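Report on the following structure.
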Amino acid sequence: MPYKALLLDRDGVVNIDHGYVGDRSRFVFMDGVFALARHAMDRGFRVAVITNQSGIARGYFSEAAFLELTGWMRAAFQAQGVELAGVFHCPYHRGGTVERYARDSFWRKPNPGMILEAARRLELDLARSVFLGDQPTDMEAARAAGVERRVLLFPDGASTAPEAATSVIRRLEELIPALR
Ligand SMILES: [Mg+2]
């Protein structure tokens, strides 16, 4: 039987978005992210991260450095009792300077490729799943993939929700009661 999932964007949801975070020194976890992920796991959700990383295509950090940082991030979640079922990243960007990554990709949000791949590999039922992101492109990718609940984290309080979002929260903990 497929699993429901809590799918998390990374920058701006798991960690503070300082812009192209490629090493630990600039990786600061968002308040409440561990509690949210732990709650989701307790309620039977698989938790996975779905992240555009155009910093790789732009030459700001290598894919190896990203993977090393991801290993450290996963260990930090584990230390808080959370097993991430997967971390999916898209290194590509058409405007990149690193030739092998300088192209469009079906994986790059707002395209749904990463989410569809996560669903295939992790046996997810996207119709029962939640995507949490901080950009309209997260909401668009999730909608294109068929994720039923699309939650925008907007700390400053959105005047109008992007059309692809199904709800808006200002703090991560606000999502906890909705994960059942
Ligand atoms: Mg983000």
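Where a number appears in this text, it was derived from the coordinates with a stated rule and is not lab data. Note that the structure is a prediction, hence the values are computed from the model and not measured. So basically every Cβ, Gly included, is an ideal-geometry build from the backbone, and we count neighbours across all protein chains shown.
Tell me, which helices (runs of 4 or more DSSP H) wholly within segment 7-120 include 3 or more residues that are surrounded by fewer than 15 Cβ atoms within 10 Å (Cβ to Cβ) and away from the ligand (no atom under 16 Å from the Cβ)?
The helices (runs of 4 or more DSSP H) meeting that bar are 63-79.
For segment 135-167, residues that are aliphatic (A, V, I, L, M) and surrounded by fewer than 17 Cβ atoms within 10 Å (Cβ to Cβ) total 3.
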